[in-house]
Amino acid sequence: MHKAIIAPIVISIILASLLAIEVSNDGGQALTQLFARPEAAQNNNNNLSPSSNQQNSGSSSSINDKTAETARTSSAVSPLKVINSNTTVIDNNSNDTANASALLNAQTIVLNQIFNNVKDSVVQITSKVNTVVPNIIINGNPLQSQSTRLGSGFVQDAAKGLIITNNHVIAGSRTVDVTFADGNTYSAKVIGADSFSDLAVLQITDNFSKEHLVSLQLANSSQLKVGQQIVAIGNPFGLSDTMTSGIISQVGRLLPNQEMGFSIPDVIQTDAALNPGNSGGPMLDLQGHVIGVNSAISSQTGDFAGIGFAIPSNTVARVVPYLIRDGNYDHPWLGIAGANLTPDLAQQLGLPRDFTGVVVASVTPGSPADKAGIMGRIQDRNNAAAGDIITSIDGHNIKRMEDIISYIEVQRSVGDKILVTVYHNGQPHDLTVTLQARPAPTSQ
């Protein structure tokens, strides 16, 4: 039941891990990841120090609720600085040709200025990945091959040589090459990565003093509006310093990550063209501030179909300080899988059709939900009983799975106690749950 519900979403969405270009050593290109695109930023340094409360928001369909849980409580540290993202508004109501031409020219000037301001802060990232071909045996050993993965990134801290990118761009590599717009290439090491949010931080290890690095500034992604104009800068198909533009199609999307088993909440949807190699690059507002990190596209063919996704800047501001300080990030975890309660299902359970909540399909043994007594679906030879229905958390109404993911990731941290109201056997019950850190992926 769980798989059936999420299957259509997983099929149509090519995740961030699919957004890099992989070049085989025979020169051929295998597009193993879709596009993501970069957004620009400004010349201000960001204060990258971890905050004690991590936040994230989610939306979309249901299923793997191994819900996101936020930050960690650690030493007192200040969060990444973000600024207001004010959209430039152009009045197109005039039908006058001259005015229309002037508006077009003005927009061209704005876009060109953004590009010139941020181009030296966007890099191409090249990593080498060793793979094993188990069905080809040479001298008793499986054949090993090496491929080159291309992606994008942007400078977060010019003084320290820190660069932000997607985790899937550098996964499996400890060191990578970063190439700037002027063609200069430097070695960099991976100092922190989080597969759950698909973010990673690199630090240049070579002497880069001759580079004129500029730190890009993060905007406040919670202020983004549907229809707002944005740009992306990156290296699609290895074509360096490529800029594309579009609008924000929607905010608050939930991006399933099949490999991790958890979804990324609060993702930005755009119609700006993203292609393999754009992964890890910045998505920018018209002030040149970073509003997101390009990560994935939705496509059934692997080609751009007008739907791209970016990890929001507020997630970057929350996660990156921990990646710099600790090398990893702890997400709060509830430990359930579930589905949205539909009117038909509510009626089958003897509830009013307008009853809302999330039906718990399963509970991970030993998880916070398990310890608190939350029950999943029970099935034996004779009959099946629906699991608990979560109707609220800390007094906040729960209608969809994304409500749970968003609240825990944005509002709560590891170690926090939350009050979960469940509907069990026709009666509401309040259960206290102590959130734990999400288990690390088995692949790590």
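Annotations
- Hey, L216 of a type outside the set (S, T, Y) and surrounded by 20 or more Cβ atoms within 10 Å (Cβ to Cβ) or not: yes
- Only one of L239, L274 that is closer than 29 Å to V178 by Cα, in contact with a Pro (Cβ under 9 Å, 6 or more places away or on another chain) and either crowded, with 23+ Cβ neighbours inside 10 Å or not assigned by TED's automatic domain parsing to the domain that holds I418 (or both): L274
- Residue among V360, V414, V410 that is within 29 Å of the chain's Cα centre (by Cα), of a type in the set (A, V, I, L, M, F, W, C) and over 30 Å from A317 (Cβ atoms): V360
- Checking each residue in the range 114-130 for being among the polar types (S, T, N, Q) and in contact (Cβ under 8 Å) with a residue 12 or more places away in the chain picks out N117, S121, Q124, T126, S127, N130.
- From the list V155, V190, the lone residue that is closer than 20 Å to S240 by Cα, buried (at least 20 other Cβ atoms within 10 Å of the Cβ) and β-branched (V, I, T) is V155.
- Residue pairs meeting the criteria (Cβ under 7 Å; at least 6 apart or on separate chains; first farther than 16 Å from H212 by Cβ, in the range 174-190; second in a strand (DSSP E or B) and small (G, A, S)): T175/S187; T175/A188; V176/S127; V176/A188; D177/S187; V190/A200
- Scanning the range 162-179 for residues that are at pLDDT 95 or above and over 22 Å from I311 (Cβ atoms) returns D177, T179.
- Pairs with Cβ under 9 Å, 6+ apart, first in the range 99-110 and under 19 Å from Q287 (Cβ atoms), second loosely packed, with under 12 Cβ neighbours inside 10 Å: L103/D91; L103/N92; L103/S94
- The condition (being over 30 Å from I248 (Cα atoms) and touching a strand residue (DSSP E or B) at 6+ places or on another chain (Cβ under 9 Å)) is satisfied by just one residue among A296, A361, A305, A310: A361.
- Pair list, Cβ < 8 Å and 6+ apart or interchain, from the range 138-165 residues that are touching a residue at least 12 places away in the same chain (Cβ under 8 Å) and under 21 Å from S197 (Cβ atoms) to residues that are assigned to a strand (DSSP E or B) and among the charged types (D, E, K, R): R149/E22; R149/K128
- Residue within the range 382-399 that is of a type outside the set (G, A, S), assigned to a strand (DSSP E or B), out of contact with any strand residue (DSSP E or B) (no Cβ under 8 Å at 6 or more places or on another chain) and closer than 25 Å to S222 by Cβ present: yes
- Residue match in the range 258-279 (condition: small (G, A, S), within 14 Å of the chain's Cα centre (by Cα) and within 20 Å of I125 (Cβ to Cβ)): yes
- For the range 198-220, the set of residues classified as small (G, A, S) and at pLDDT 95 or above consists of A200, S215, A219, listed by residue number.
- Restricting L435, L345, L419 to residues that are within 22 Å of I264 (Cβ to Cβ), in contact with a strand residue (DSSP E or B) (Cβ under 9 Å, 6 or more places away or on another chain) and of a type outside the set (S, T, Y) narrows the list to L435.
The values are calculated or read from the model by the stated rules, or taken from the named source; none is laboratory data. As the structure is a computational prediction, the values presented were derived from the model and not from experiment. Positions of Cβ are backbone-derived with ideal geometry, glycine not excepted, and every protein chain shown enters the neighbour counts.
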